[in-house]
Amino acid sequence: MNNMSYFYLCMVVIQMVSMEAQVGSAVTCSPSEVTVCLPAVAMSKPPSAACCRKSREQRPCLCGYLKNPNLKQFISSLGDRRVARVCGVPYPTC
């Protein structure tokens with residue numbers, strides 16, 4: 001990953017941290033919760049157990065993330081799809 005891509009990714013993560021929403025009563029949607037997956041998404045490393053756990057927890061929020069223009073390009077990347085598949089999280093069809 002080149003420096004500009006890494007910088008842009010960091011900026012998006014910072015932006016995601018500031019964006020939280022409530023879905024249902026059990027899940028707090030927070031894109032920052034899945035930042036633990038960045039190594040798996042950006043560098044094609046195997047997702048960690050923590051990444052898979054957070055991916056499953058945030059599953060109800062994925063459609064909302066996909067509808068957000070600031071997040072969509074990251075949530076819909078090939079790396080995200082691979083992590084979802086490896087973690088057994090069905091990719092949403094919104």
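P(r) of the stretch 24-78 in 5 Å steps, Cα pairs, percent per bin?
It works out to 4, 20, 29, 28, 14, 4, 1, in whole percents.
Using a 10 Å cut-off on Cβ atoms, rank the peptides 68-81, 32-45 from the highest mean neighbour count down. Provide the component values of the computation, followed by the final result.
Numbers: 68-81: 15.2, 32-45: 17.5.
So the peptides 68-81, 32-45, ranked by packing, come out 32-45, 68-81.
Throughout, read-outs are computed from the coordinates displayed, never taken from laboratory work. Computed from a predicted structure; not experimentally measured. Methodologically, a virtual Cβ is constructed for each residue, glycine included, from the backbone with ideal geometry; neighbour enumeration extends over all protein chains shown.
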